[in-house]
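Report on the following structure.
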Amino acid sequence: MYFRFTEEAFAALISIVFIIQSFEKLVEISHDAPIIVDPKKVFDSPCICYLNDPMVLSNNITVRPRIMDIDAEECRRRGGEALGLQCRFKPDVYMLSILLTFGTFALAYGLNIFRKTHFLNSMIRNGISDFGVFIAIVVMTTVSKFTGLELPVLNIPANFRPTIDRPWLINPLSVNWYVALMAVLPAIFYTILIVMDQQITAVIINRKDNKLRKDFGYHLDLLVIAILIVICGSLGLPFYVAGTVLSVMHVDSLRLQSDTSAPGEKAQFLGIKEQRLTAIIAHLLIGFSVFITPVIKLVPLPVLIGIFLYMGVVSMLGLQFIQRIAMLFMPIKYQPDYVWLRLVRMKRVHLFTFCQILSIAALFAVKYTKTFSMLFPLMLVLMVIIRMFFMEKVFTKQELLALDDPVPSFRSVISPKGQSAKGKKGTIGDEELENPRETEEGRKKTSSNH
């Protein structure tokens, strides 16, 4: 059973990992192009290439030959080791990388929220927002070319082949029998992670907030994933599931809004343009990217880091969890008029948020601790258990229905008629609950009659 409590904790974890890795990649650029505070140290430390072929002098002393006035790349091509500050001195490269990263993020985010402004007509605004990431990449790449600096690019293999020297098809009988037995426990953990990752992402996409018209297919998705895992495992390719951040951004790019005609009228969210064309084209282009590596290498790595930072931030801002965190710092009179805020007292909302923060912190602790990182899938299962048993004791059913509506049960999945017959009632597991909205309205009517 998956709830918003589990979904948003996992989605927030993935988004924060995107953000953290973006900053880590940005810091890695400084290793090859550090910021030199004192330029005098650079001139006092020339680049010297020490070759690996030793030389024996007349007095039987072995030394490594060295070459002066050579750059680090040429030294590595000769099989040597480059030492000295001048080997890594690339003026202004790291500062420009920082500007390109945050410039790409700011431009992509600005174009994303451009659809909510009142400039131009809605068709032009939506078109610019839909292609905001592409526009940001083109603009910032063009800016980087005008600087004349040599920036790092994405390291892409020149040939499409296995990393090690082996045939494409893996022979399962080539490993020893005890290796297969030792792999059983990691395989169980990995299966849990795949199922949780796939299902949580599917639940986030199929939430009623997105107003999807087509039914969900959780079990069919898992069947397709299982078949693909067998194929990928036979070829030695990485396993893959639905990416949380990419899926959220894909759905967000297909949002439909009403046309506004009256001054000051806000566009209303109508739903999602449900089709398969964009996903098919996107994945075909991903496969086609193997043949256009020279074009991809034109994009500087800092620009791509900015896009990763943008994806992590944007996918996280749409979570109710982030909305509840923001309300911790808002006066009551400035708080948005959320429906669930009318049904649950503010102290209880903050308590629910605090429990969710603790769960995310626990996920981070397990994920980034090498000793316990293998237990991360079990931590996800533990979160579901905590939600199903512990949270039921702390919060009432009405509060959980307002803050943490669950995934439809298996019975409702295979019985569409039963699902529609429930109407506006909420479910936790297979148990029907009274809709708190209707209860609140009924109380108001009763009090007004008295």
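Quick grid of which residues meet (1) in contact (Cβ under 8 Å) with a residue 12 or more places away in the chain; (2) hydrophobic (A, V, I, L, M, F, W, C); (3) part of a loop (DSSP other than H, G, I, E, B):
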site: Leu193; (1), (2), (3): yes, yes, no
site: Ala202; (1), (2), (3): yes, yes, no
site: Asp209; (1), (2), (3): no, no, no
site: Asp215; (1), (2), (3): yes, no, yes
site: Ala226; (1), (2), (3): no, yes, no
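Within the stretch 99-157, restricting attention to residues that are assigned to a helix (DSSP H, G or I) and aromatic (Phe, Trp, Tyr), the residue that is surrounded by the fewest Cβ atoms within 10 Å (Cβ to Cβ) is Phe146.
Each residue in the stretch 45-65 was checked for being modelled with pLDDT of 70 or more and either part of a strand (DSSP E or B) or closer than 30 Å to Met95 by Cβ (or both), and 6 of them qualify.
This table checks each residue for (1) touching a Lys or Arg at 6+ places or on another chain (Cβ under 9 Å); (2) β-branched (Val, Ile, Thr); (3) under 30 Å from Tyr338 (Cβ atoms); (4) in contact (Cβ under 8 Å) with a residue 40 or more places away in the chain.
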residue: Pro162; (1), (2), (3), (4): no, no, no, yes
residue: Trp168; (1), (2), (3), (4): yes, no, no, yes
residue: Ser174; (1), (2), (3), (4): no, no, no, no
residue: Pro238; (1), (2), (3), (4): no, no, no, no
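Every test in (1) crowded, with 16+ Cβ neighbours inside 10 Å; (2) touching a Pro at 6+ places or on another chain (Cβ under 7 Å) is passed by Trp168 save one, and that test is (1).
The values are calculated or read from the model by the stated rules, or taken from the named source; none is laboratory data. Note that this is a predicted model, so its numbers are computed, not measured. Note that each Cβ is placed from the backbone with ideal geometry, even for glycine, and that neighbours are counted across all protein chains shown.
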